[in-house]
Amino acid sequence: MFHRWSLLFAMFAIISAIFGRAYAEEDVLIKRVKTTWRAQDGATIDDILSHAAKVAHFVPRGWGVGQKHDSEDPVFLSWSRNQGDKPDDEYTITWDISASGVMSLGPAYAKTMELGWRPFALSLIAREVADDYPQPNVSFLRDTSNYDFVATAQGGLGDLLKKGRCTIGNPVSLEYVVLSDKASKDDLWRLQLSVDCKITGPSYFTRQGIIIFKKKNRDAWQPASFFARRIAKYPPGHWFEQEEPDEKRTFDAVRKVLKGTR
């Protein structure tokens, strides 16, 4: 009897040691992600999570480590939109750690976290609006100061919109665009705004004007719509003083097509 209990105790001790070691290794991986990963603006994970939780429907639930795959260790954070949501309603953000220590953030919707807490929060709230989720923080989307993370030669985008007496309307979209495998190296972030500006200028710009900026990797933001190009090129108050040849050719072509369809 004593021998059997001794054997059971030894087996229990071995199992406890194995699980204890596994939990310790998981804790090390989670701590590694929390202490070493940084957004492009230098923000830590805790900074981003705490700020996002204050302005969006974003409730961090818990950390974990998934099964190793392709020599990568996946560390994940589960979160929900509401404290009372069930586990089936949770979302997941994952950091895949390669053997060389490189951390890859995913899935695509979470990639805005790489830009900092404001872009991440903006993308969450914009998605809430698109999903008709109750009581999204629309005022955060409308606050021009939240868009200064887009830097131009003239200054932060939010400051330029404020000086140009522009208000932000619908839609607001900030997302990480995943292209085909063949063009994956060109995956990018894309910001699109619709604005009304109380300034003198063409109505197709000043009334529901479309502003689009794109960014690849750690490159600078680049204007990708005619209005965005003017904002990045000229100071507020002088956006429409100069004629842009490419812009004129495009609009002339559109007018010609519309005229021919009448």
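The values are calculated or read from the model by the stated rules, or taken from the named source; none is laboratory data. This one's a predicted model, so the numbers in the text were calculated from it and none came from an experiment. With ideal geometry, Cβ positions are generated from the backbone for all residues, glycine too; neighbour counts draw on all protein chains shown. Ligands, DNA and RNA are excluded from the accessible area calculation, which covers all protein heavy atoms including side chains. Shrake-Rupley method; radii C 1.70, N 1.55, O 1.52, S 1.80 Å.
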Q: For Lys216, state whether it is surrounded by 13 or more Cβ atoms within 10 Å (Cβ to Cβ), modelled with pLDDT under 95 and basic (Lys, Arg).
A: yes
(Q) Looking at region 118-144 only, could you name the residues that are without any contact (Cβ under 8 Å) to a residue 24 or more places away in the chain and open to solvent by less than 60 Å² (accessible area, probe 1.4 Å)? (A) Val138
Q) Looking at Arg165, Arg142, Arg127, which is the one that is farther than 26 Å from Pro202 by Cβ and at pLDDT 95 or above? A) Arg127
(Q) Could you check region 136-183 and list, in sequence order, the residues that are hydrophobic (A, V, I, L, M, F, W, C), within 17 Å of Leu124 (Cβ to Cβ) and in contact with a Ser or Thr (Cβ under 7 Å, 6 or more places away or on another chain)? (A) Ile168, Leu174
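Looking at region 100-117, which of its residues are part of a loop (DSSP other than H, G, I, E, B) and either of a type outside the set (A, V, I, L, M, F, W, C) or open to solvent by less than 40 Å² (accessible area, probe 1.4 Å) (or both)?
Of everything in region 100-117, those that are part of a loop (DSSP other than H, G, I, E, B) and either of a type outside the set (A, V, I, L, M, F, W, C) or open to solvent by less than 40 Å² (accessible area, probe 1.4 Å) (or both) turn out to be Ser100, Gly101, Pro107, Gly116.
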Q: Filter region 168-186 down to residues that are under 14 Å from Ile211 (Cβ atoms) and at pLDDT below 95 and give me whichever is most open to solvent (accessible area, probe 1.4 Å).
A: Asn170
Q: Give the residue that is nearest to Thr35 (Cα to Cα), with candidates limited to residues of region 117-134 that are within 8 Å of the chain's Cα centre (by Cα) and of a type outside the set (A, V, I, L, M).
A: Phe120
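Is it fair to say Asp196 is free of Cβ contacts under 8 Å to residues at least 40 places away in the same chain, of a type outside the set (Phe, Trp, Tyr), within 20 Å of Gly155 (Cα to Cα) and open to solvent by 20 Å² or more (accessible area, probe 1.4 Å)?
Details: free of Cβ contacts under 8 Å to residues at least 40 places away in the same chain: yes; of a type outside the set (Phe, Trp, Tyr): yes; within 20 Å of Gly155 (Cα to Cα): yes; open to solvent by 20 Å² or more (accessible area, probe 1.4 Å): yes.
In short, yes.
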